[in-house]
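Remarks on the structure that follows.
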Amino acid sequence: MAAHIHQFLCLSDNFGVLVHDPHRRATAAIDAPEAAPILAALAARDWELTDILVTHHHHDHVQGIAGLRERFPQACVVGPSKEAERIGRLDRAVGEDDVVEVGALAATVIEVPGHTSGHVAYWFTEEGILFSGDTLFSLGCGRGFEEPAHVLYHSLQKLAALPGETAVYCGHEYTLANARFALSVDPENVILAERAAAVARLREAGKFTLPTTIELERATNPFLRAEAPEIQAAIGMEGADPADVFAELRARKNRA
């Protein structure tokens, strides 16, 4: 089944995303960073909001829920059971391997703690689409605000194990800044250099850098390449445990 995906900006750099099943006319918003742009996108396409799929509790991902529910009171708010109290408006709390349906589209829930303790991603398996929230970014990853670095590392490894052709949509347009950091720790990566140049051209043209793919992230995202000898050498950690290398990479990115 073909899903229609519409992506647009909310706030300053958050992505709003709508997932639409054209056959049953069901539509889900992935997170709710800001109600007005989401409502405008729905109206422009004559889509009815049926679901809101929340990845984590941070304000810039949930603050639009109330405004969306005012216009679409029937919309089902789905989110991580481990953050239900912090989100406060869930109609359905979900966890690992639960299945969420948007019309005839089905997403498997993947628990990816690290950025927050209960963060989840939504993997539409048949369509080959992943909504990773603030866990996996294009050429980067989220900060580990609520869990140690090794927890976030293992969550990213779960996502990296998905099929390479999986299209990845994340919560923010951070790719250009992430590319600069990636080049600083993986300077000999030809694929990364080519991608960084392409990203710069897209942003200069005012275009989005998403979706990316799991395969492309495996090849160019340093946070998925902590076992690579060239990255370990670049940061002076040859032969180290990849989880420790990841922790050092994340600490450096925090300071960048």
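Only counting other Cβ atoms within 10 Å, I'd like W123, W47 sorted with the fewest neighbours first.
Numbers: W123 22, W47 18.
Ascending number of Cβ neighbours within 10 Å: W47, W123.
For K253, the lysines whose Cα falls under 24 Å of its own Cα, not counting residues fewer than eight places away in the same chain, are K158. Relative to the longest principal axis of the Cα atoms of the chain, the long axis of helix 35-45 makes an angle of roughly 70 degrees.
Applying both filters, DSSP loop and at most 16 other Cβ atoms within 10 Å, to the GluC sites (Glu not before Pro) of segment 77-152 gives E96, E126.
Once divided by 2.2 N^0.38 Å, the Cα radius of gyration of segment 47-143 becomes 1.03. With both residues required to sit in segment 27-105, DSSP beta bridges show an antiparallel share near 10%.
Our analysis of segment 66-117 gives Rg over Rh at 0.99, with the two radii drawn from alpha carbon positions and Rh computed by the Kirkwood formula. Summarising the strand pairing of the chain, around 70 percent of its internal DSSP beta bridges are antiparallel. Taking all Cα-Cα distances within segment 157-216, those exceeding 17 Å account for 44%.
Among the trypsin sites (Lys or Arg not before Pro) found in segment 182-256, those both in a DSSP coil and sparsely packed, with 13 or fewer other Cβ atoms within 10 Å of their Cβ, are K207. Each principal axis of the Cα cloud of the chain was evaluated for its coordinate range; sorted largest first, these ranges are 55, 39, 31 Å. Top mean-square fluctuation among H150, H61, H119, Gaussian network model of the chain, C-alpha springs under 10 Å? Greatest mean-square fluctuation among the candidates belongs to H150. Projected onto planes of every orientation and averaged, the convex hull of the alpha-carbon atoms in segment 167-256 covers 5.7 nm².
For segment 1-66, the Kirkwood estimate of hydrodynamic radius, built from reciprocal distances between every pair of different alpha carbons, is 11.8 Å. What angle do you read, to the nearest 10 degrees and between 0 and 90, between the alpha-carbon axis of helix 149-160 and the longest principal axis of the chain? With rounding to tens, the tilt is 70 degrees.
Any read-out appearing in this document is the output of simple, stated calculations on the displayed coordinates, not a laboratory observation. Bear in mind the structure is a predicted one, so any value in this text is a computation, not a measurement. Note that each Cβ is placed from the backbone with ideal geometry, even for glycine, and that neighbours are counted across all protein chains shown.
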